[in-house]
Amino acid sequence: MASPILLTPGPLTTDLLTREAMLKDWGSWDFAFSELTSSVCQDITRIALGEGSHVCVPLQGSGSFAVEAALGTLVPRHGKVLVPQNGAYAQRIVKILKYLGRSAVVLDHKEEEPIDPERVATALQADPAITHVALVHCETGTGILNPLAQIASVVAAHGRGLIVDAMSSFGAIPIDLRDTPMDALIAASGKCLEGVPGMGFVLIDQAKLLAATDNSHSLVLDLRDQWLYMQRTGQWRFTPPTHVVAALRSAIDQFISEGGVAGRGARYRQNLTVLVKGLRSLGLQPFLTEAHQSPIIVTFHAPSSPAYQFADFYRTVRAKGFILYPGKLTVLETFRVGCIGAIGPQEMARAVQAITQSLQELGIEHSAFMKKND
Ligand SMILES: *Cc1c(COP(=O)(O)O)cnc(C)c1O
């Protein structure tokens, strides 16, 4: 059987060109690899329009490594971080801060409600000790999109730093660093740029990075040291993920030919439309209202039929060539379907078909069984 299509938020389905780019070996000290790294970093900076203000610091590892590195590098040991949270990835930031021994103030929101910029403003006013705000742009736990631009202006108006986990939005949802002030924007190779997993990167305000001496608790996660070394030598400090960088080069070339953020975002929105329309017609309801739904990943209420078990549903859909994702809500039974990766509306229509047939086979086809289970 051909590889299944991954309807997940990463790793995701990649183009054959991306995978073919990994057929060559690279010497990490070789000038050709240094040029490859620097061209990838340049393009990443350009995607967020950060040339002249921000530098791109790549880091080995999955996206969370880059999140931990950014927090550890930029937040002073006696800093205090406000974390507005409406889902699993913001909760992960809180956990990271605890490991790092940085104080955190958590601003809880319901999982179905976007972060409220006014509540952020109130929290900042109330506590002058807060030095930074850490925000998840698209909360992949549910698929909700948070109002980054408004929050960035609130944080800037209060003179605090903003660190943004844009892991699942970068490349698909426009972010303009020229008018959206932030200290750092974090993303990774294996999300909307459609590379393979293995490398994170952080776009960091250059002045803030240079000033961030002696913060990092960790040698390997010290982004200031990583950047200074790379500036000096053209090389990564430790063994780089060479094949991942080569795949990312190819993936970014494809991204540019597709029309950059606008083109990619448009394809993902088409995927979203086909998915939601198809599953709604079966009686399956999205967890979020349309206005808050990102074109990245959709959380659906599980069918309320007693015949439904995620594991059986997953296996049946998988046998038809599609990989679903479990839900991440604590109270409600849900499942998630990703819209991102090298797939278009045709693949999504086939996925809808596979889900329809699977529910039939499992004896849960009747829409009457699919009322919202709340
Ligand atoms: C994918 C993702 C991460 C990183 O997760 P890893 O498992 O470390 O790759 C962080 N934040 C968000 C919002 C994500 O979607």
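The values are calculated or read from the model by the stated rules, or taken from the named source; none is laboratory data. It should be emphasised that the depicted structure is a prediction, and the values quoted were computed from it without experimental measurement. Because the Cβ atoms are built from the backbone with ideal geometry, glycine has one as well, and the counts that use them run over all protein chains shown. Ligands, DNA and RNA are stripped out before the accessible areas are found, and what is left, the full protein with its side chains, is counted by its heavy atoms. Shrake-Rupley method; radii C 1.70, N 1.55, O 1.52, S 1.80 Å.
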Legend entry - Options 41, 22, 54, ranked by Cα towards positive dipole end of the chain, top entry (Cβ charges): 22
Legend entry - Cut-off under 5 Å, modelled amide H: who pairs with residue 105 long-range: 81, 82, 83
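Work out the length of the dipole vector of region 297-366 about its Cα centre, built from +1 on the beta-carbon of each Lys and Arg and -1 on the beta-carbon of each Asp and Glu, and round it to the nearest 20 debye. Numbers along the way, then the final one.
Values: 6 positive and 5 negative charges, 43 e Å.
So the magnitude is around 200 debye.
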Inset, instruction - Within region 333-352, which residues have the backbone N less than 14 Å from the label spot 7 Å out from residue 277 along Cα→beta-carbon, could you tell me? - result: 345-350, 352
Legend entry - Reciprocal of mean inverse Cα separation for the chain (Kirkwood radius, Å): 21.3
Inset, instruction - Could you tell me what percent of the accessible area of region 1-121 is made up of carbon and sulfur, with a 1.4 Å probe and every protein chain present? - result: 56
Legend entry - Selection from 243, 298, 271, by position along the positive dipole direction of region 223-359 (Cβ): 243
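If I take every Cα pair under 8 Å that is 6 or more residues apart in the chain, average their sequence separation and divide by the length, what percent do I get for the relative contact order? Kindly include the intermediate steps, with their values, before the conclusion.
Numbers: 753 pairs, mean separation 89.6, N = 374.
Result for the chain is 24 percent.
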Inset, instruction - Could you order peptides 98-108, 336-346, 171-181 by the average number of other Cβ atoms within 10 Å of their residues, highest first? - result: 336-346, 171-181, 98-108
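To the nearest 20 debye, what is the magnitude of the charge dipole of region 243-366 about its Cα centre, counting +1 on the Cβ of each Lys and Arg and -1 on the Cβ of each Asp and Glu? It would help to have the intermediate numbers written out before the result.
On the way: 12 positive and 8 negative charges, 40 e Å.
Roughly 200 debye for region 243-366.
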Legend entry - ³J(HN,Hα) computed for each position of region 190-201 - Karplus, 6.51 cos²θ - 1.76 cosθ + 1.60, integer Hz, glycine/proline x: x, 10, 5, 6, 6, x, 9, x, x, 9, x, 8
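In whole percent, how big is the carbon plus sulfur part of the accessible area of region 252-305, probe 1.4 Å, protein atoms only? Walk me through the numbers before you get to the answer.
Working: 1170 of 2090 Å².
Of all accessible area on region 252-305, carbon and sulfur atoms account for 56 percent.
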Inset, instruction - With a 1.4 Å probe and every protein chain left in place, tell me how much accessible area residue 80 has, in Å² to the nearest 10. - result: 50
Legend entry - Net charge, residue 212 excluded, C-beta distance under 11 Å - Lys, Arg +1, Asp, Glu -1: -3
Inset, instruction - Please give the per residue accessible area of region 201-256, computed with a probe of 1.4 Å over protein heavy atoms only, in Å². - result: 42
Legend entry - Separation of alpha-carbon centers, region 103-138 and region 223-277, rounded to whole Å: 28
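Please work out the average accessible area per residue across region 1-92, using the 1.4 Å probe convention, and give it in Å². Don't jump to the answer; show the numbers that get you there.
Numbers: 4080 Å² over 92 residues.
For region 1-92, the per-residue accessible area is 44 Å².
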